[in-house]
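Only the coordinates and a few stated rules stand behind these numbers; no lab work does. In this text the structure is predicted, and so the values were computed from the model without any measurement. Here the Cβ positions follow ideal geometry from the backbone for every residue, glycine too, while neighbour counts run over all protein chains shown.
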Protein chains: 2
Amino acid sequence: MGEADFVIRGDLCYSKDLSRLETLTGGYVVCLKGKSAGAFPRLPEEYRSLPLQDWGDKLVIPGLTDLHIHAPQFGFRALGMDTELLTWLETRAFPEEARYADTEYARRAYRLLTEHVRRGPSTRLVFFATIHTPASLILMDMLEESGLVCFAGKVNMDRNSPDSLREPGADASLAATREWLAACGKYRNVRPILTPRFVPSCSDALMKGLAEIQKEYALPLQSHLSETRREVRWVRELCPDAAGYADAYARWDLFGGEVPTVMAHCVWTDEGETERMAERGVFVAHCPQSNTNLASGIAPVRRFLERGISVGLGSDVAGGAHTSIFRAMSDAIQVSKLRQILAAEDDAPLTLEEVFYLGTAGGGAFFGKNGAPGSFAPGYDFDALVLDDAGLAAPFELSIRERLERAVYLSDDRNIAAKYVRGKSLFPAYKG
Amino acid sequence: MGEADFVIRGDLCYSKDLSRLETLTGGYVVCLKGKSAGAFPRLPEEYRSLPLQDWGDKLVIPGLTDLHIHAPQFGFRALGMDTELLTWLETRAFPEEARYADTEYARRAYRLLTEHVRRGPSTRLVFFATIHTPASLILMDMLEESGLVCFAGKVNMDRNSPDSLREPGADASLAATREWLAACGKYRNVRPILTPRFVPSCSDALMKGLAEIQKEYALPLQSHLSETRREVRWVRELCPDAAGYADAYARWDLFGGEVPTVMAHCVWTDEGETERMAERGVFVAHCPQSNTNLASGIAPVRRFLERGISVGLGSDVAGGAHTSIFRAMSDAIQVSKLRQILAAEDDAPLTLEEVFYLGTAGGGAFFGKNGAPGSFAPGYDFDALVLDDAGLAAPFELSIRERLERAVYLSDDRNIAAKYVRGKSLFPAYKG
């Protein structure tokens, strides 16, 4: 067995499936070559020679995945929240993103971001950068250095955007994308992802060219879908020939299928769009806090799950103010309850088990069949968090499930005692 | 000028009124005998001999008021959140509250609570205790010692409650209440408040007796009103002679008027009930997170404000998982947006200015005309927080309003550098 092989002992908690938790008090999870070899109530004989990291009664769970986050928006998170999506894009997001033409600014701002997410509970993140190739590479350099495993995408936008944040035509956008991709070969932990911002900001010629690039490089893709009612109407006006928002991607063959595709939001996704997502294996990045802050609505997650669609959670910073996917879990439960009371009483609220699954294995699956985090079952990438929840004290004994519920609602980065990505310790080294 | 007189310098922010903030960069606020003598851009000559506590560019705001919190529920906050109110009361709240018959348990649990809220952003809190006189006095002893200014109420409940948490009849409940009140004379910072739990758990005889006690002692009163649809229906069944939930209190003259009265929730309050609250000067404790967690609904706060009703914010721990009234502020904005999208498009969402007012001066007004916190305008009690928000870094300069918005969404107790209640420093002493 290799150098990076070890065993962790602690109070383990992970998802068996969407609706069931596995918990092991004083259990063992074995890491071999960066992957889980399984979790055990007693350590099997064959692993007893491996180094043991004994975290006592700390809670050990899989790392979390943030399926949707805008790197350049971290700087203004929790600002300008009194506005709706399209106004907010014009007054907050676009002007701030335009500043990333300045690489010095990008360096300063992305440093704040990467230090912050490195300390947080996500071990995997899927980032939007900006249209700027140099700044996108600065972000990817810093992420690579952080030890996190990420997708990051230089953004494409050539219409319906301010002069300061619009590429000068489809050809220029496509050329910049190829230039960016050519520079991405050096990364081990950060992979490029094709990132047309959303239909309104991408011309037909750009979409067509991106589809060609996607096939050439077999690139995954991320974008936005059916976030607000006003945006859905706008897409219908912009693309009168498309059968709807999803079709505005699908007609260019940019809607799932062979390559992993994730669409953020899907708040106003109707039956037809849901059907199409199920057929094409498109992931949903559910971003409950952003959908609340920007007054977008509440996504029909229960229906997605019933249709077998892959769903993960996104912070959508800075539509969301919080980077923590624990917060996204509790937000997802909370908005699902309000959806049931106010809009769709047949859709049962999400449970703790379900949102924990979405924030771990659910979103983690986007990282691929052979590199997925999110569970301690054998074969999963070994991404883990050690949580010191002693400060979340109760006057009585708590079960592991209760401790998990508390962590979901109350924990912050103070509670993260250690963090592992693909078997590597990000902090701190185990001291024994 | 007395010993406790001093001047604070910092970046000041407080409400002028419901919709306007006053901000002063490097401003001065003067504390004389525990009250604000006003905030000034330059320190008036007459105050220049007072000791100056210069907090540099830290943010200085009024202390926050938590208008509704259940002390015995702190121990199980963020647990059992996958249930609705009446089920949650039966399975979580009532069994846990029953344990406070044991004074040792109460002492251990209330110690956790009081240490936690002392470190948090609230300088004023309005507590429900339990039915137990000894445990209620233990809570009040600890609150008195903490330096916080509070109302706390021994709870009355003599029906529709489990055997372990039901007083043996109205007479016993009333006698225990008098016994409790007789022991409250020793407190300087903690005042008793009459606390019939809610209509379903109080018999007519108990209500009648409480009204007599209220008149005798001129006691303020707190209870619950129109929290869930199921509860509202239940009250109609229990009180067929009352015109509705509010009337079930009002017919015993327990619904505002001479003495301050606060009703938690008011989610399903209709026009008639709203009218009655306005007429009788009843305060609303708006508890957005609890109303979400327990699937109760979203209170029509915009309508309350339009009618001139006094509204403050409540954490409602443990319906709410978080004690911070900053969190209640952002929750209040967020649910108001969802209410507009999903239920009542004519009700404009709450703004940052509005929720900040509700969490400071709005709820603070419940503490009375001559002892109200919540502003730095002259005459208010000097309750203040010094916030060190340097860790909530941005790559650009922030205005004071932007820093406030960030604090509302992102701050936690790490950001509270100092805390003053009625001019007394709770922590830390200013070191110069």
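List of remarks:
- A simple spin-label model places pseudo-atoms 7 Å from Cα toward Cβ; at A:S399 and B:E115 they are separated by 2.7 nm.
- Listed pairs A:K337/B:K215; B:K215/B:K369; A:K208/A:K369; A:K35/A:K337; A:K16/A:K58; A:K186/A:K424 exceeding 31 Å between Cα atoms: A:K337/B:K215; A:K35/A:K337
- Highest-first packing order for the peptide set A:135-147, A:326-338, B:388-400 is A:326-338, A:135-147, B:388-400, based on the mean count of other beta carbon atoms within 10 Å.
- For chain A, the longest principal axis of the alpha carbon atoms and the long axis of helix A:325-342 meet at an angle near 70°.
- Along the axis of the charge dipole computed for chain B (Cβ charges of +1 for Lys and Arg, -1 for Asp and Glu, origin at the Cα centre), the listed residues B:W234, B:Y245, B:S36 are led at the positive end by B:S36.
- Fraction in percent of alpha-carbon pairs per bin - 20 Å, the protein assembly as shown: 15, 45, 32, 7, 0
- Close amide-amide hydrogen proximity is noted between B:V190 and B:C150, each under 5 Å apart and 5 or more residues distant or on a separate chain (H modeled in the peptide plane; Pro and chain starts excluded).
- Peptides ranked, highest mean first, by Cβ atoms within 10 Å: ranges B:415-425, A:4-14: A:4-14, B:415-425
- DSSP assigns beta bridges within the protein assembly as shown; of those with both partners inside it, close to 45 percent run antiparallel.
- Chain B has one residue whose beta-carbon comes closest to the axis relating it to chain A; that residue and its distance in whole Å are B:L342, 2.
- Label point 7 Å beyond Cα along the C-beta direction, distances from B:E90 to other copies (nm, shortest first): 5.3
- Euclidean distance of C-alpha centroids, region A:160-215 and region B:89-134, integer Å: 57 Å
- Under the convention that each Lys and Arg Cβ holds +1 and each Asp and Glu Cβ holds -1, the size of the dipole of region A:64-367 around its Cα centre is about 680 debye.
- Longest to shortest principal axis, alpha-carbon extents of region A:64-367, angstrom: 49, 46, 37
- Inter-label distance, B:D102 to B:S164: 1.0 nm, where each label sits 7 Å from its Cα along the C-beta direction.
- When each of the peptides B:102-108, B:157-163, A:342-348, A:191-197 is scored by the mean number of other C-beta atoms lying within 10 Å of its residues, the order from highest to lowest reads A:191-197, B:157-163, B:102-108, A:342-348.
- C-alpha long axis of helix A:271-280 to longest principal axis of chain A, angle in °: 70 degrees
- The value of relative contact order for chain B, using C-alpha pairs under 8 Å at least six residues apart, is 21 percent.
- Long-range amide H partners of B:C287 with built H, under 5 Å: B:H265, B:G314
- Residue-averaged beta-carbon neighbours from other chains (10 angstrom radius) around A:390-396: 6
- Positive end of the dipole of region A:1-121 (Cβ unit charges, origin at the Cα centre): among A:F76, A:S19, A:P95, the Cα lying farthest that way belongs to A:S19.
- Counting Lys and Arg as +1 and Asp and Glu as -1 over every other residue whose Cβ lies under 14 Å from the Cβ of A:L219, the net charge comes to 0.
- Helix-derived mean residue ellipticity, 222 nm - over chain B, DSSP H n ≥ 4, -39500 (n - 2.57), to 500: -9500 deg cm²/dmol
- Inter-chain Cβ neighbour count for B:344-353, averaged per residue, equals 1 (cutoff 10 Å, partner chain atoms only).
- Other protein chain C-beta atoms within 10 Å of residue C-beta, averaged over A:74-81: 6.
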